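The values are calculated or read from the model by the stated rules, or taken from the named source; none is laboratory data. Keep in mind that what you see is a predicted model, and the values were worked out from it rather than measured. Note: ideal-geometry Cβ built from the backbone for every residue, glycine included; neighbour counts use all protein chains shown.
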Amino acid sequence: MPTSLLLKIVALFLLLWCSNGSAQHVPRGAAAGGIDHTNLAVIINVADPLSAAAGDYYAKQRRIPPTQVIRVTLPVGSSELSVDEFAIIKAEVDSLTPSNVQAYVLSWAAPYRVGCMSITSAFAFGYDNSYCADGCRATRLSPYFNSASRFPALELHMRPTMMLAGRSFPDIKALVERGLQSDGTYPKGTAYLLTTSDRARSSRTPLYQQAESVAAGLIDIDIRKEDKLADRDDVMFYFTGAASVSGLQTLRFVPGAIADHLTSFGGQLTDSGQMSALHWLEAGATGSYGTVVEPCNFPQKFPHPAVVIGRYLRGETLIESYWKSVAWPGQGVFIGEPLAAPYRLRR
């Protein structure tokens with residue numbers, strides 16, 4: 001992509017970000033209401049024993065009401081649902097979803113894609129080609145991007161969705177426990193923002209300085225020009241750009257930590273030729289993100305570090321903060337423990 005075009009894209013991204021209200025202006029009391037166990041629905045694939053075990057465990061641990069546990073049947077072992085298959089499943093889910101539900105969590109790692117969309121965006125918006133792109137093109141802007149909305153189904157007619165994903169039940173159990181452990185702990189930690197030697201995948205670099213203005217003394221911001229981070233025991237956020245990230249085994253992630261790498265296929269959770277976003281969760285992060293089809297290196301298609309950091313630090317849940325940080329989320333999949341809330345008083 002020509003440098004001049006990339007700079008224009010970044011400028012547009014910053015304009016959109018500012019016009020939606022800088023994360024630094026989110027009041028500390030904004031966490032009143034919002035997404036929690038009373039309005040999150042768990043969707044289980046009954047054909048997948050791991051999905052059933054994970055979904056039931058999560059519902060119990062997070063005290064999700066039984067009326068908000070939705071059971072459907074999906075193909076097992078497939079990374080993608082056809083648009084027609086998804087339409088049937090989505091209609092069934094819609095019919096079973098209580099009216100108070102504001103968000104979904106899917107208790108599986110595959111399928112992660114519907115046609116040209118990620119499955120989390122397909123559940124959030126319904127299947128919609130305007131959230132897709134054939135080649136290096138813009139997609140539709142999410143109405144949830146850096147918004148003040150705390151009740152997206154009611155206010156924006158969409159339900160942000162995250163995958164409670166893992167390769168085994170012990171992995172998922174550990175993920176859930178990290179989320180629970182994080183709640184209301186107000187950890188210090190550090191946000192590590194790396195610019196790597198991979199210039200194409202470092203397109204978020206111009207956004208990094210804004211993270212310093214939203215940290216509000218709650219955490220340290222460490223901006224580096226390095227290909228990897230190693231031997232750190234205080235990782236609260238880690239954003240980088242690389243096809244594969246080394247050194248994860250030397251890091252300790254704080255419970256509730258968020259981490260992702262800008263690359264083309266990190267959201268292909270179970271069969272990517274690059275590093276799957278699942279590796280972040282396996283290394284100890286509580287949330288991650290990746291794209292399921294070629295997005296090109298538009299920063300709008302990946303989390304904006306300042307937005308997710310700012311909103312998380314001011315008490316929003318992981319699913320709220322992460323979803324609100326992606327302007328064009330149609331091709332990206334969100335994974336992790338959605339209700340983790342390290343910077344909100346325990347409820």
Selection count where residues are β-branched (V, I, T) and within 9 Å of the chain's Cα centre (by Cα), scope the range 291-347
4
Quick one: count up the residues across the range 331-347 that are farther than 21 Å from V101 by Cα and not hydrophobic (A, V, I, L, M, F, W, C).
4
It is to be established whether one or more residues within the range 46-61 are modelled with pLDDT of 95 or more, outside the structural domain of G267 (by TED's automatic domain parsing), within 22 Å of P303 (Cβ to Cβ) and surrounded by 13 or more Cβ atoms within 10 Å (Cβ to Cβ).
no
Residues in the range 102-114: is at least one part of a helix (DSSP H, G or I) and either buried (at least 24 other Cβ atoms within 10 Å of the Cβ) or at pLDDT 95 or above (or both)?
no
Enumeration of residues in the range 190-203 that are in contact (Cβ under 8 Å) with a residue 60 or more places away in the chain, surrounded by fewer than 22 Cβ atoms within 10 Å (Cβ to Cβ) and not hydroxyl-bearing (S, T, Y):
A200, R201
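Condition check ((1) at pLDDT 95 or above; (2) buried (at least 16 other Cβ atoms within 10 Å of the Cβ); (3) assigned to a helix (DSSP H, G or I)) across all residues:
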| site | (1), (2), (3) |
| --- | --- |
| A41 | yes, yes, no |
| R63 | yes, no, no |
| F86 | yes, yes, yes |
| P98 | yes, no, no |
| A122 | yes, yes, yes |
Find all pairs meeting these conditions: Cβ atoms under 7 angstrom apart; at least six residues apart or on different chains; first residue within the range 150-179 and over 21 Å from A341 (Cα atoms); second residue surrounded by fewer than 22 Cβ atoms within 10 Å (Cβ to Cβ).
E155/S149; L156/P143; L156/S149; M158/P143; F169/L50; F169/A53
Pairs, please: C-beta under 6 Å, at least 6 apart or cross-chain, first residue closer than 18 Å to F334 by Cα and in the range 124-138, second in a loop (DSSP other than H, G, I, E, B) and among the β-branched types (V, I, T)?
Y131/T139
